[in-house]
1. Ordered by residue, what ³J(HN,Hα) values in Hz, to whole numbers, does the range 162-174 give under the Karplus form 6.51 cos²θ - 1.76 cosθ + 1.60, where θ = phi - 60° and Gly and Pro are x?
2. Under 5 Å between amide H atoms, partner at least 5 residues away or on a different chain: which partners does Ala470 have, H built in plane at 1.01 Å?
3. Could you do me a favour and compute the accessible area per residue for the range 385-596, 1.4 Å probe, result in Å²?
4. Percent of accessible area on the range 224-382 owned by carbon and sulfur, 1.4 Å probe?
5. How high is the relative contact order of the range 473-559, in percent, counting Cα pairs under 8 Å that sit 6 or more residues apart?
6. Ordered by packing density, taken as the mean number of other Cβ atoms within 10 Å over each peptide's residues, highest first, how do 91-102, 510-521 rank?
7. Excluding Ala159 itself, calculate the net charge of residues whose Cβ lies under 9 Å from the Cβ of Ala159, where each Lys or Arg counts +1 and each Asp or Glu counts -1.
8. Could you go through the range 110-123 in sequence order and give the Karplus-derived ³J(HN,Hα) for each residue, using 6.51 cos²θ - 1.76 cosθ + 1.60 with θ = phi - 60°, rounded to whole Hz, and x for Gly and Pro?
Amino acid sequence: RCLLKMVKENIVAPEEILRFCCNGLQSSTSPPRAQEPGERGEAPEAMASPSPPRNPTEVQMSQLVLPCHTNHRGELSTGQLLKWIDTAACLSAERHAGCPCVTASMDDIYFEHTISVGQVVNIKAKVNRAFNSSMEVGIQVSYEDLCSGKHCSICKAYATFVAQSPSGSKVKLKPLTPQTEEEKIEHSIAAERRRMRLVHKDTLKDLLTRSPRQTELETRDGSAAVPAEKTRVESVELVLPPHANHQGNTFGGQIMAWMENVATIAASRLCHAHPTLRAIEMFHFRGPSQVGDRLVLKAIVNNAFKNSMEVGVCAEAYGQEMSISRRHINSAFMTFVVLDQEGQPRTLPMVAPEPGEGERRYREASARKKIRLDRKYVVSCKQTEVPLSVPWDQSNKVYLSYNNVSALKTLVAKANWALAREKEKVRMYTLEEDKFLSFRIEISVRIAADRAFSLLSDLRRRHEWDSHYASAELVQQVDDDDMIYHVVSQTLSCENKPQDFVILASRRKPCSKGDPYVVAFRSVTLPTHPASASFTRGETLCSGFCIWPESEETSKVAYYNQATPGYLNYVTTNVAGLSSNFCATFEACEKFLLKNKEDLIVRL
């Protein structure tokens, strides 16, 4: 009736009524348009900016915290949270694999807040990258207060899952194609996290080798050392069907929950209070257990620092026959604190380790604390929170290398690069973000990617094509992939002395097809090369090369630089002048690559 009234009053034309019946009401000022297949009269605005497709591996879980999930303080048990995390991550992994998956490892987990009864735990898990038969799943955990509407982050975790066939053999996984900028960043950095996991044990062994062999007990006034033996806990659990997954194997999350339980008891025996779990060290599952197995869980306080303690936990499995040797399932190291009424960590009593094995665990706990602090400081911080120059030493070399490469890969994956200039084959892009101005210069060169990678990763030859470089000295060959250089630049007209840099160069070959060769640079500090009065000490936060093979004899070479205030002196005039100097430098780089490619062919 309203429409007929509008027609009579000449507000709406009759043809508009027909259009409304066929396609939905449209603006009378807009010409009719053809409907796309499958369209159902959506508004033009909605069609112009469709929402990005949801990751097919993404799993979301929301759990209301009930009294049965909590401890004596009415807070969510960390063991229960670990079970939910493992379940959500496993479902995500199986969505991608299309077959059963088992938990292989879990990276460090830092718990930022506790969760109370009545609040909601929101867990989001999705596959970041699939390798050959394993995949990395990223998990984000937050809580929601239904009364206040407050949301707060709890932790972020990375788990590795392995796909298995019904016969138990590994399954080759299909590759995962990231869609959004965030997914591309996580996909790229997943290869670096995988590399860091593989060398984790070697890092600990190396630190222990260089540390003193004798165990030096910490002394604290007014407190007596507690024998570590008094904190020892041993408990057995029978694996029942509710504890197992659809394959009949014990849930990894259930094992972690049992381990957290005995670890809490051991920590309580030291401090005679109720401790709070703050962190779980990176750990690996060594093998499966099945329904009917008996799981023996052992825990002991390895070391107590001023405000925290490390508890070591071990899980072993055996069947009905006691004569069969126990199978080592998992070992983990958990960090606890005891909070006072103001929520501040209390001072803890000292631990007196047992001779032999106890002293070994005591020393290893101190080494793990050093590594954990380095890893949290370098790896877990946001890019803007990490100082430009981080002190380099043997204990943090793996994590500085990770930070170096992951920072460059994050910059590469950014989506808002704007073309600033294109001159012949050289293209220059800029990216303005927060307090950083970043540059990307790229060119296609007739040289194999591996040869370009070899030439550009050696900073000692950079002065041959980059006029800003005066010299570069190799200070330390860390390993096959990481080197530290002392670089001296040319003197600028606005300065009376040259700049110098201490730079960590990290190289990476492609992890899989489609990945680039990577050469990343960042500043570090070395006690052997302090700042000198002869130079102005400069710093670089993130720069480097990415080289993509375009064919067997052609590569796309891209240079990235996240400009810091000290570096902007070099580039300000170039940006104003449409970067002619940058283009000339990169053209010189192309000539350098072609010249040395021909020299290499002649030598061969």
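The values are calculated or read from the model by the stated rules, or taken from the named source; none is laboratory data. For clarity, every value in this text was computed on a predicted model and none was experimentally measured. Using ideal geometry, Cβ is built from the backbone for each residue, glycine included, and neighbour counts are taken over all protein chains shown. Protein only, heavy atoms only, side chains kept; ligands, DNA and RNA dropped before computing areas. Shrake-Rupley method; radii C 1.70, N 1.55, O 1.52, S 1.80 Å.
1. 10, 7, 10, 7, x, 7, x, 7, 6, 10, 6, 8, 6
2. Sorted by chain and number, the residues that satisfy this are Val488, Ser489, Gln490.
3. Counting only protein heavy atoms, the per-residue value for the range 385-596 is 43 Å².
4. Solvent-exposed carbon and sulfur of the range 224-382 make up 53 percent of the total.
5. 22
6. 91-102, 510-521
7. -3
8. Values per residue, Gly and Pro as x: 10, 8, 8, 9, 9, 10, 9, 4, x, 8, 10, 9, 10, 10 Hz.
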